[in-house]
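Trainee: Encoded as structure tokens, here's the structure I'll be asking about.
The values are calculated or read from the model by the stated rules, or taken from the named source; none is laboratory data. For clarity, every value in this text was computed on a predicted model and none was experimentally measured. Quick reminder, even Gly has a Cβ in these numbers, built from the backbone with ideal geometry, and neighbours come from all protein chains shown. Note: areas computed on protein heavy atoms with side chains; ligands, DNA, RNA excluded. Shrake-Rupley method; radii C 1.70, N 1.55, O 1.52, S 1.80 Å.
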Amino acid sequence: MKLFLDSANLTDVEGALARRHIAGITTNPSLLSKEPKANFYAHLGKIIDAIRASGHSVPLSVEVFTPKIDEMISQADDIYKKLGYDGVNIKVPIGWDELKVISALAGKGIQVNCTCIFTEEQAVLAANAGASYVSIFHCRLKDIGGDPVRVIANTRNILDRANSKAEIIVGSIRGQSDILEAHLAGGHIVTAGAKIIEGMASHPQTEKSVQGFLKDFEAWLK
Ligand code: E4P
């Protein structure tokens, strides 16, 4: 059950790397825009420094920020070269012409995370074009009355039967129950914000049990 951290916040990143419960980090232009204004490469460079310092080399998804197809490839090249970290994969949104970008980047050995996917058909096209990851948006699909569990399960079934190397990342997660649902539906990876993941560690009964043990032991020591 692979978890990725869905955040561009340095404190979130360092906290996650220190605990090693994540197997990757995903960012997008909106997550970056939540951080203090900075140079794009400088900010991502700090995330990569934190990854390197932790010795836990995890993949980092960085999204192109141009809608123009002909600019996407050169921008992806730039991002990959300037960041200089093998674990960088480029996020490219699904689309008919974007498939050309995905196959071109994959052909150059640059890993692609095809993002903003809402259907099985989009996921299949992205995987066939060479994407290493296909990112299905769980809650944004629910927002329009869609069924992400069906889309994830069908996509997993199709990819498995095709022996595809592509992995499903389930994103757009808003609560712990979404994480469980997405994994049980067949998501290889679920990416979620730091607070949601942190909440997974606690349960009232856990706290109560530990307090009881400590209280009993303290009494025994007296
Ligand atoms: C992940 O790769 C996505 O960009 C992210 O999970 C989207 O989440 P949101 O729907 O909360 O913006």
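Trainee: Output the residues belonging to region 111-166 that are charged (D, E, K, R) and touching a Gly at 6+ places or on another chain (Cβ under 9 Å).
Mentor: If the condition is that a residue be charged (D, E, K, R) and touching a Gly at 6+ places or on another chain (Cβ under 9 Å), then 140, 156, 160 are the ones that fit.
Trainee: For region 151-180, what are the residues that are among the polar types (S, T, N, Q) and either in a helix (DSSP H, G or I) or closer than 17 Å to residue 128 by Cβ (or both)? Before the answer, list the steps.
Mentor: Our first condition is that a residue be among the polar types (S, T, N, Q); within region 151-180, this holds for 154-155, 157, 163-164, 172, 176-177.
Listed by number, the residues that qualify are 154, 155, 157, 163, 164, 176, 177.
Rundown of residues vs (1) touching a residue at least 12 places away in the same chain (Cβ under 8 Å); (2) over 18 Å from the mean Cα position of the chain (by Cα), yes/no style:
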position: 60; (1), (2): yes, no
position: 68; (1), (2): no, yes
position: 73; (1), (2): yes, yes
position: 81; (1), (2): no, yes
position: 87; (1), (2): yes, no
position: 90; (1), (2): yes, no
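Trainee: Please go through region 103-126 and pick out each residue that is open to solvent by 10 Å² or more (accessible area, probe 1.4 Å), within 16 Å of the ligand (Cβ to nearest atom) and part of a helix (DSSP H, G or I).
Mentor: 122
Trainee: Then there is this: Collect the residues in region 44-79 that are hydroxyl-bearing (Ser, Thr, Tyr), open to solvent by less than 60 Å² (accessible area, probe 1.4 Å) and away from the ligand (no atom under 16 Å from the Cβ), keeping them in residue-number order. Walk me through how you get there before you give the answer.
Mentor: Within region 44-79, the first condition is being hydroxyl-bearing (Ser, Thr, Tyr), and the residues that meet it are 54, 57, 61, 66, 74.
Within this subset, residues satisfying the condition of being open to solvent by less than 60 Å² (accessible area, probe 1.4 Å) are 54, 61, 66.
54, 66, listed by residue number.
Trainee: Something else: Here are some residues: 100, 91, 81, 46. Which one is within 25 Å of residue 168 (Cα to Cα) and assigned to a helix (DSSP H, G or I)? Break it down stepwise before answering.
Mentor: On the way: 91 fails: assigned to a helix (DSSP H, G or I); 81 fails: within 25 Å of residue 168 (Cα to Cα); 46 fails: within 25 Å of residue 168 (Cα to Cα).
So the residue among 100, 91, 81, 46 that is within 25 Å of residue 168 (Cα to Cα) and assigned to a helix (DSSP H, G or I) is 100.
Trainee: What about residue 159, is it over 16 Å from the mean Cα position of the chain (by Cα), of a type outside the set (Ser, Thr, Tyr) and at pLDDT 95 or above?
Mentor: Numbers: over 16 Å from the mean Cα position of the chain (by Cα): yes; of a type outside the set (Ser, Thr, Tyr): yes; at pLDDT 95 or above: yes.
Answer is yes for this residue.
Trainee: Among 209, 135, which is the only one that is at pLDDT 95 or above, of a type outside the set (Phe, Trp, Tyr) and surrounded by fewer than 20 Cβ atoms within 10 Å (Cβ to Cβ)?
Mentor: Working: 135 fails: surrounded by fewer than 20 Cβ atoms within 10 Å (Cβ to Cβ).
The unique qualifying residue is 209.
Trainee: What are the residue pairs meeting all of these: first residue in region 117-144, first residue under 20 Å from residue 90 (Cβ atoms), second residue among the charged types (D, E, K, R) and within 13 Å of the ligand (Cβ to nearest atom), Cβ atoms under 6 Å, and 6 or more apart or on different chains?
Mentor: Every condition considered, the pairs that remain are 133/167.
Trainee: Restricting region 1-42 to residues that are more than 10 Å from the ligand (Cβ to nearest atom) and of a type in the set (D, E, K, R), which is farthest from residue 79 (Cα to Cα)?
Mentor: So the residue we want is 19.
Trainee: What is the one condition in (1) within 16 Å of the ligand (Cβ to nearest atom); (2) among the hydroxyl-bearing types (Ser, Thr, Tyr); (3) within 22 Å of residue 89 (Cα to Cα) that residue 177 does not satisfy?
Mentor: (3)
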